[in-house]
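Below is one structure, written out as structure tokens, with a few remarks after it.
Read-outs: derived from the displayed coordinates by stated rules, not from any lab. Just so it is clear, the structure is predicted and the values come from calculations on it, not from any experiment. We place every Cβ from the backbone using ideal geometry, glycine too, and count neighbours over all the protein chains shown.
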Amino acid sequence: MKVAADAEKLRSEGVDVVDFGAGEPDFPTPDNIKQAAIRALDQNFTKYTNAGGTAELKKAICDRHTADFGTSYKPAECIVSVGGKHVIFNLTQALVNPGDEVVIPVPFWVTYKDVVNYAGGKCVFVNTDEENGFAVTAAMIEKVLTPKTRMIMINSPSNPSGAVVDRVEFEKILQLCIKRGIYLLTDECYCHFLYEGSPFSIASVPGAKDTVLVAGTMSKTYAMTGWRIGFALAPPPIIGAMAKLQSHSTSNPTSIAQKAAVEAMQGPQGSVKAMLAEYRKRRDFVVKRLREIPGVRCNEPKGAFYAYPDISTAFGKKGISNTMQFAERLLADAHVAVVPGEAFGTDRHIRLSYATSMQELERGLDRIHKFIA
Ligand SMILES: Cc1ncc(COP(=O)(O)O)c(C=O)c1O
């Protein structure tokens, strides 16, 4: 968000900025979804709904999850919130007490750390292996578990690294959680943007439902970031606790956005595949161009729409000694916005979002190449 604001400020001063900072699809929301919102307005569906979302949308979410992943959630195990971030916030506040430990693989999406801290919990970071694409394994996690571990947060595919947790490893992590009575929060924000194999939910494994907490969102899958609709699938007592919190803070997510989300869940799914095909082309291009820059190393992301190259080759030049300074100089000198890896817990990387046009990718990568070279 700060990168976006800095880039916007430069732009308002007339500077031609290439923005690789934004973590959101550049595609418009599919038309069938927009039409559903327009219909909702025409029908005056503009009043309060149930604080945890309409029965219609909860059912549509459960049905979609069943169709996509073979799970068997019922509306009583579902809550609709104001985006996936709100879901993760409420889940964490409902479950994490002061002193509880929450295991978070590195690199991590920035919000995890802050929501755990806000609940008074302690983040326990698990380093992953860059050589293995930053994918976390059960053995890495097992080493840091203690009697105080309350929850493990997994985001696969990952923002920022694009890492995908191997299915067998994911199941081993689940078994660790079941054995020790630890919750497994699976953030499925990018689950449909997977470049190899088919999308998978750990919630579909038999016996997972008491342990797994699904955090989902319409934001990326349906290019609906501004609509603010996310959902949790979890055991009813946890949904109940989240509903209490939500009922006294935000109340229901926007009524017309909920109607649009019903259409996203029930309507044609072709736009998701079309976006994935486009992201794949862009990923291949971005990785190739980054690897052509002398000294830059970049894993091939297995999912999501971010590249996470190691740019430490630039340290010691132009007064740059960390990723924050790199990002600041890149924006000031080359007018390209990226997010410094420090935000995600690593000290040699930057995150580039390739959810932008090929033309912008070409322009921005030319500039980054020149800047580093
Ligand atoms: C890993 C991850 N989880 C959850 C979210 C939440 O998105 P939203 O609040 O827009 O649903 C994001 C957004 O960037 C994300 O990157």
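Listed by chain and number, the aspartates and glutamates whose C-alpha is less than 14 Å from the C-alpha of Lys370, apart from same-chain residues fewer than 8 away, are Glu292, Asp333, Glu362.
With the cut-off at 38 Å, report for the chain the share of all Cα pairs above it, as a whole percent. Provide the component values of the computation, followed by the final result.
Numbers: 11951 of 69378 pairs.
The calculated P(r) of the chain puts 17 percent of pairs beyond 38 Å.
Counting only residues at least eight positions apart within a chain, or on another chain, the aspartates and glutamates with an alpha carbon under 16 Å from that of Lys273 are Asp26, Asp31, Asp68, Glu196.
Applying 1/(1 + (r/R0)^6) with R0 = 45 Å to the Cβ-Cβ distance of Met358 and Lys148 gives a FRET efficiency near 0.40.
By average Cβ neighbour count within 10 Å, what is the ranking of 232-239, 13-20, 283-290 from highest down?
Details: 232-239: 20.0, 13-20: 15.6, 283-290: 18.4.
Packing order, densest peptide first, comes out as 232-239, 283-290, 13-20.
With 24 Å as the limit, the listed pairs Lys113/Lys318; Lys34/Lys74; Lys148/Lys302; Lys220/Lys302 have Lys113/Lys318; Lys34/Lys74; Lys148/Lys302 beyond it between alpha carbons. Here is how the number arises for the chain: DSSP H runs of 4 or more residues each give -39500 (n - 2.57), the sum is divided by the residue count, and the result at 222 nm is -12000 deg cm²/dmol. Between helix 255-266 and the chain, what is the angle of the helix's C-alpha long axis to the longest principal axis, kept within 0 to 90° and rounded to the nearest 10? Computed tilt is about 90 degrees. Pairwise alpha-carbon distances in region 67-210 exceed 25 Å for 23% of all pairs.
For the chain, DSSP calls about 45 percent of its internal beta bridges antiparallel. Treating the angle as unsigned and between 0 and 90°, give the value, to the nearest 10°, between the Cα long axis of helix 31-42 and the longest Cα principal axis of the chain. The two axes meet at around 50 degrees. Between Glu196 and Asn117, the simple label model (points 7 Å from Cα in the Cβ direction) yields a spacing of 3.6 nm. The order of the peptides 83-93, 52-62, 104-114, 30-40 by mean Cβ neighbours within 10 Å, most packed first, is 83-93, 52-62, 104-114, 30-40.
Ignoring aspartates and glutamates fewer than eight residues from Lys47 along the same chain, the ones with Cα atoms less than 16 angstrom from its Cα are Glu56. Between the residues Ala264, Cys62, Ser312, the greatest Cα displacement towards the positive end of the dipole of the chain, with unit charges on the Cβ of Lys, Arg, Asp and Glu, is found for Cys62. Quick check: the angle from helix 270-291's long axis to the longest principal axis of the chain, C-alpha only, nearest 10 degrees? Taking the Cα atoms of the chain, the angle to 270-291 is about 30 degrees.
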